[in-house]
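Structure first, then comments.
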Amino acid sequence: MLAYTYIEKGKFGLTEKPKPKIADARDAIVRVTLGSICTSDLHIKHGSVPRAILGTTVGHEMVGVVEEVGTGVTSVKPGDRVTVNVETFCGKCFFCQHGYVNNCTDLNGGWALGCRIDGGQAEYVRVPYA
């Protein structure tokens, strides 16, 4: 699949990547139908986000259709049209329990999509904690 990827400071590019797979029981795979560029994506491009990982597909604002869900997902099913939250969160850590989901301590939590894990400027995205 094609994905818009953080290549190096100052450079994004279209790359070919494998379609994402379910990695955890709470994951969903979403076929992206519409994505948006956010100023945060530009901050990544300009090197202003030290947590951003080179090679990551950018994008954390998207809508699409659920293609597949893990066994622990109960809120959506394949075929559902969804919006994807800009922040993913575990719901269990101190910050999530107190409503500060942007500070989720899980590796796939907080602002992970499009920064530390592949985001939605692609044909498909794996959404943790669906």
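Less than 15 Å Cβ to Cβ from Cys96, Lys/Arg counted +1 and Asp/Glu -1: what total charge do the surrounding residues give? Please report the intermediate quantities before stating the final value.
Values: positive: Arg26, Lys92; negative: Glu87, Asp106.
Every neighbour counted, the sum reads 0.
Note that the stretch 115-122 has calculated 3J(HN,Hα) couplings of 10, 10, 10, 4, x, x, 7, 7 Hz, one per residue in order, obtained from phi through the Karplus relation 6.51 cos²θ - 1.76 cosθ + 1.60 (θ = phi - 60°); glycine and proline are x.
Contact order, relative form, for the stretch 1-88: 32 percent (alpha carbon pairs under 8 Å, 6 or more residues apart, mean separation divided by residue count).
The aspartates and glutamates whose alpha-carbon is closer than 15 Å to the alpha-carbon of Lys17, local same-chain residues fewer than 8 away aside, are Asp118, Glu123.
Relative contact order for the stretch 55-123: what is it in percent, counting Cα pairs under 8 Å that are at least 6 residues apart? List each step's numbers first, then the result.
Working: 125 pairs, mean separation 26.9, N = 69.
Over the stretch 55-123, the number comes to 39 percent.
Applied to the stretch 32-49, the Karplus parametrisation 6.51 cos²θ - 1.76 cosθ + 1.60 on θ = phi - 60° returns per-residue 3J(HN,Hα) values of 6, 10, 7, x, 9, 8, 10, 4, 4, 4, 5, 4, 4, 3, 7, x, 8, 10 Hz, with x for Gly and Pro. Note on Lys19/Ile53: beta-carbon distance plugged into 1/(1 + (r/R0)^6) with R0 of 25 Å gives a FRET efficiency of 0.80.
Dipole magnitude of the stretch 23-87 about its Cα centre, charges +1 at Lys/Arg Cβ and -1 at Asp/Glu Cβ only, in debye to the nearest 20?
100 debye
The H on the amide N of Thr88, modeled in the peptide plane, is under 5 Å from the matching H of Gly110, Ala112, Leu113, each at least 5 residues off or on a different chain. Net charge within 14 Å of Val76 by Cβ-Cβ distance, Lys/Arg positive one each and Asp/Glu negative one each, not counting Val76 itself? Computed value for this residue: +1.
Roughly how compact is the stretch 29-130, stated as its Cα Rg over 2.2 N^0.38 Å to two decimals? Walk me through the numbers before you get to the answer.
Working: Rg = 13.4 Å, N = 102, 2.2 N^0.38 = 12.8 Å.
In units of the globular-protein estimate, the stretch 29-130 measures up at 1.05.
The fraction of accessible area contributed by carbon and sulfur in the chain is 54 percent, rounded to a whole number (1.4 Å probe; ligands and nucleic acids excluded). Database remark: amide H of Met62 closer than 5 angstrom to the amide H of Val84 (H placed geometrically; neighbours at sequence offset of 5 or more, or on other chains; Pro and chain starts carry no H).
Label the stretch 1-88 by shape, choosing from rounded, prolate and oblate, from the square roots a ≥ b ≥ c of the eigenvalues of the Cα gyration tensor; if a/c is under 1.5 it is rounded, and otherwise prolate applies when a/b is larger than b/c, oblate when it is not. Prolate shape, in that a/c is at least 1.5 and a/b is the bigger ratio. In summary, the aspartates and glutamates within cross-link reach of Lys11, defined as a Cα separation below 12 angstrom excluding same-chain residues under 8 places away, comprise Asp41.
The values are calculated or read from the model by the stated rules, or taken from the named source; none is laboratory data. Being a predicted model, the structure only gives us computed values, none of them experimental. With ideal geometry, Cβ positions are generated from the backbone for all residues, glycine too; neighbour counts draw on all protein chains shown. Side chains are part of the model used for accessible areas, which takes the heavy atoms of the whole protein and leaves out ligands, DNA and RNA. Shrake-Rupley method; radii C 1.70, N 1.55, O 1.52, S 1.80 Å.
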